[in-house]
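Chemist: The structure under discussion is supplied below as structure tokens; questions concerning it will follow.
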Amino acid sequence: MKKFSHIGLIANAHVTEIEDSVRHLKKFLQSRGLQLSLEAETARILSDVDLPVFDETDLDRHLDLVIVVGGDGSMLSAARMLVPHNVPVLGVNRGRLGFLTDILPDRIDQEVGRVLDGEYNISNRFLLDVTITRNDQIIGRGDALNDVVLHPGLSVRMMEFELYIDHQFVYSQRSDGLIISTPTGSTAYALAAGGPLLHPKLDAIVVVPMNPHTLTSRPIVVDSDSKIEIRVGMKNKLHPVVSCDGQKDILSEPGDIIHIEKKSQLLRLIHPVNHNYYETCRSKLGWGSRLDDRNKGAQPR
């Protein structure tokens, strides 16, 4: 496995308790003689530290690895910034769930150390590209690691739209919206809306209706190379919002066409060698433990 020498640090500047983890991580990396750079917002956290600073317009520093300290939201934001530059990413979890950020703060020395020693696995994750057209003119773009969501914004009204996959009409629908999710995002909003879990190795996209006005509308899993179109109904009285990872919103109008397809560049997500997807699901989603583990110490009946 490739070893890393120039590492970038990105942290959620809005969570004050993260500062301790970032400072500890910085000290640990420097103790190993590694070259460090700080993302611009992260540099504000460590205002007393004199290190090179980078942002999304200045990523030609040949970073070998970026470590993100925060929750899944921080990782989503970092992923969209870094994926065009083919920089691998490792996550230290200071958020709530942490499906994308594997390493706990009290395990930084051990787990990050093993990654730096070349003991890690790489999970390639694809993103979604989104383009919105109006009268054949592009009026908005975005990308998403988790999901693209069409929703009514602040309104409580249902919306009407048509779904096309690979230029074939699938259905028209009245609902609260539609979630287009990658396997990475299948543990997020799509899961809450009743969608299936997709293993990260699957090359597939899931389409999940949000509270459809029919009992027969169910999630659909399609090939990741599918071209997806959502045509906003002309009779809508509201202006639906297209949300990318819940972090970037684009306002649409009746008649707009939302084009969604797989992004060509892949995100290289670094995991410690002991990472286990199913163990993560068990711990984060409250799945049952082994029967033998539960029966240990049980009193005979």
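The values are calculated or read from the model by the stated rules, or taken from the named source; none is laboratory data. Being a predicted model, the structure only gives us computed values, none of them experimental. Positions of Cβ are backbone-derived with ideal geometry, glycine not excepted, and every protein chain shown enters the neighbour counts. Just so you know, the surface numbers come from the protein's heavy atoms only, side chains and all, with ligands and any DNA or RNA stripped out. Shrake-Rupley method; radii C 1.70, N 1.55, O 1.52, S 1.80 Å.
Chemist: Hey, Lys262 hits all of (1) modelled with pLDDT of 95 or more; (2) open to solvent by less than 30 Å² (accessible area, probe 1.4 Å) but one; which does it fall short on?
Modeler: Looking at each condition in turn, Lys262 falls short on (2).
Chemist: Filtering the range 210-232 down to residues that are at pLDDT below 95 and either among the β-branched types (Val, Ile, Thr) or part of a strand (DSSP E or B) (or both), which residue is nearest to Leu154 (Cα to Cα)?
Modeler: Taking the candidates together, the pick is Thr214.
Chemist: What is the residue count in the range 247-259 for residues that are part of a loop (DSSP other than H, G, I, E, B) and open to solvent by 60 Å² or more (accessible area, probe 1.4 Å)?
Modeler: 2
Chemist: How many residues are surrounded by 15 or more Cβ atoms within 10 Å (Cβ to Cβ), in contact (Cβ under 8 Å) with a residue 40 or more places away in the chain and closer than 19 Å to Ser175 by Cα when one looks only at the range 194-222?
Modeler: 4
Chemist: Can I ask one more? When you scan the range 22-50, how many residues do you find that are under 15 Å from Val69 (Cβ atoms) and outside any helix (DSSP H, G or I)?
Modeler: Going through the range 22-50 one residue at a time, the tally reaches 6.
Chemist: Related question: Among Val112, Val49, which is the only one that is at pLDDT below 90 and of a type in the set (Val, Ile, Thr)?
Modeler: So the residue among Val112, Val49 that is at pLDDT below 90 and of a type in the set (Val, Ile, Thr) is Val49.
Chemist: Going through the range 21-42 one residue at a time, which ones are over 19 Å from Ser77 (Cβ atoms), free of Cβ contacts under 8 Å to residues at least 60 places away in the same chain and either β-branched (Val, Ile, Thr) or surrounded by fewer than 16 Cβ atoms within 10 Å (Cβ to Cβ) (or both)?
Modeler: Listed by number, the residues that qualify are Arg23, Lys27, Gln30, Ser31, Gly33.
Chemist: Kindly indicate whether Val207 is more than 30 Å from Leu90 (Cβ to Cβ) and in a strand (DSSP E or B).
Modeler: Spelling it out, Val207 is indeed more than 30 Å from Leu90 (Cβ to Cβ) and in a strand (DSSP E or B).
Chemist: Does Leu63 satisfy being within 25 Å of the chain's Cα centre (by Cα), of a type in the set (A, V, I, L, M, F, W, C), closer than 20 Å to Asp102 by Cβ and part of a loop (DSSP other than H, G, I, E, B)?
Modeler: yes
Chemist: From the set of residues in the range 99-153 that are in contact with a strand residue (DSSP E or B) (Cβ under 9 Å, 6 or more places away or on another chain) and of a type in the set (Gly, Ala, Ser), which is surrounded by the most Cβ atoms within 10 Å (Cβ to Cβ)?
Modeler: The qualifying residue surrounded by the most Cβ atoms within 10 Å (Cβ to Cβ) is Ala144.
Chemist: Checking Asp55 against (1) touching a Pro at 6+ places or on another chain (Cβ under 9 Å); (2) open to solvent by 40 Å² or more (accessible area, probe 1.4 Å): exactly one of these is not met. Which one?
Modeler: Unmet for Asp55, out of (1) touching a Pro at 6+ places or on another chain (Cβ under 9 Å); (2) open to solvent by 40 Å² or more (accessible area, probe 1.4 Å): (1).
Chemist: Follow-up. Please report, ordered by residue number, the strands (runs of 3 or more DSSP E) entirely within the range 142-190 with at least 1 residues that are without any contact (Cβ under 8 Å) to a residue 40 or more places away in the chain, within 30 Å of Thr101 (Cβ to Cβ) and not aromatic (Phe, Trp, Tyr).
Modeler: Strands (runs of 3 or more DSSP E) meeting the threshold: 177-181.
Chemist: Just checking, does the range 279-290 include any residue being more than 17 Å from Thr187 (Cα to Cα) and either at pLDDT 90 or above or not in a loop (DSSP other than H, G, I, E, B) (or both)?
Modeler: No: the range 279-290 contains no residue that is more than 17 Å from Thr187 (Cα to Cα) and either at pLDDT 90 or above or not in a loop (DSSP other than H, G, I, E, B) (or both).
Chemist: Consider Lys235 carefully, then state whether it is closer than 30 Å to Asn276 by Cα and either open to solvent by less than 20 Å² (accessible area, probe 1.4 Å) or not in a strand (DSSP E or B) (or both).
Modeler: Taking the combined requirement at face value, the residue does not satisfy it.
Chemist: Can you find, within the range 166-193, the residue that is farthest from Lys235 (Cα to Cα) among those that are among the hydroxyl-bearing types (Ser, Thr, Tyr) and open to solvent by 50 Å² or more (accessible area, probe 1.4 Å)?
Modeler: This residue is Tyr189.
Chemist: Scan Arg107, Arg96 and give me the residue that is in a loop (DSSP other than H, G, I, E, B) and among the basic types (Lys, Arg).
Modeler: So the residue among Arg107, Arg96 that is in a loop (DSSP other than H, G, I, E, B) and among the basic types (Lys, Arg) is Arg96.
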